[in-house]
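Presented below is the structure to which this report refers.
The values are calculated or read from the model by the stated rules, or taken from the named source; none is laboratory data. Given the structure is predicted, the values throughout are model-derived calculations rather than measurements. Here the Cβ positions follow ideal geometry from the backbone for every residue, glycine too, while neighbour counts run over all protein chains shown.
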Ligand SMILES: Cc1cc2nc3c(=O)[nH]c(=O)nc-3n(C[C@H](O)[C@H](O)[C@H](O)COP(=O)(O)O)c2cc1C
């Protein structure tokens, strides 16, 4: 067993590696937003989780780009106050990974990746057609946190779209592991 005292190491790369490899598996928020100019943006975020169900609040942690500029997702969420979290299942694994690469703000990941969208009920950003669940969210609070700093976006779920089978099984849902590894939910047990 290794021990790292975080406050006593200058090795930022190791700390990052530990955060990515020890907090696993992580759910993935595949987030659609719309820019002021109407360009639909799509990107995955795995520092994501539910917070409470009363009211239904979720959190997504959006960091800065390497050059320190905001990611399109953060900029769009700040400008419009809305986003949609799409659930990633096995059939969307590849486009989800591709959508995490750097796209210029004027280029929509949706078109380049040949994805289709469906209009949302209460927010402007569309949901991805064919996903098994999509959460339409409005911004509840954005907390600037950390050294960079990054945006901890707290969203209030206004509308849940879901395939009823998800209430009984998560089979096929994709999770993030360390490095470039992913998990596809297979066997489920009830201990
Ligand atoms: C599976 C996966 C999970 C990711 N999780 C995060 C995350 O939690 N926070 C973050 O800032 N970036 C995360 N990224 C990187 C962003 O998706 C990436 O920076 C993307 O280009 C941002 O796009 P945007 O500029 O369109 O918002 C993740 C990438 C992948 C593939």
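Among the residues of the stretch 79-98, those identified as within 10 Å of the ligand (Cβ to nearest atom) and assigned to a helix (DSSP H, G or I) are 93, 96, 97, 98.
Being within 13 Å of the ligand (Cβ to nearest atom), surrounded by fewer than 21 Cβ atoms within 10 Å (Cβ to Cβ) and closer than 30 Å to residue 171 by Cβ is the requirement here; does residue 101 meet it? In short, yes.
Can you confirm whether the stretch 100-110 contains a residue that is under 20 Å from residue 26 (Cα atoms) and in contact (Cβ under 8 Å) with a residue 12 or more places away in the chain?
Residues of the stretch 100-110 that are under 20 Å from residue 26 (Cα atoms), as a first pass: 100-101.
Filter again for in contact (Cβ under 8 Å) with a residue 12 or more places away in the chain, leaving 100.
Looking for residues that are under 20 Å from residue 26 (Cα atoms) and in contact (Cβ under 8 Å) with a residue 12 or more places away in the chain, one finds at least one in the stretch 100-110, hence yes.
Remark: pairs (first residue in the stretch 163-179, under 15 Å from residue 189 (Cβ atoms) and more than 16 Å from the ligand (Cβ to nearest atom); second residue at pLDDT 95 or above and assigned to a loop (DSSP other than H, G, I, E, B); Cβ separation under 9 Å; 6+ apart in sequence or on different chains) = 169/185; 169/188; 170/185; 170/188; 171/185; 171/186; 171/187; 171/188. Within the stretch 50-69, restricting attention to residues that are farther than 16 Å from residue 30 by Cα and without any contact (Cβ under 8 Å) to a residue 40 or more places away in the chain, the residue that is farthest from the ligand (Cβ to nearest atom) is 54.
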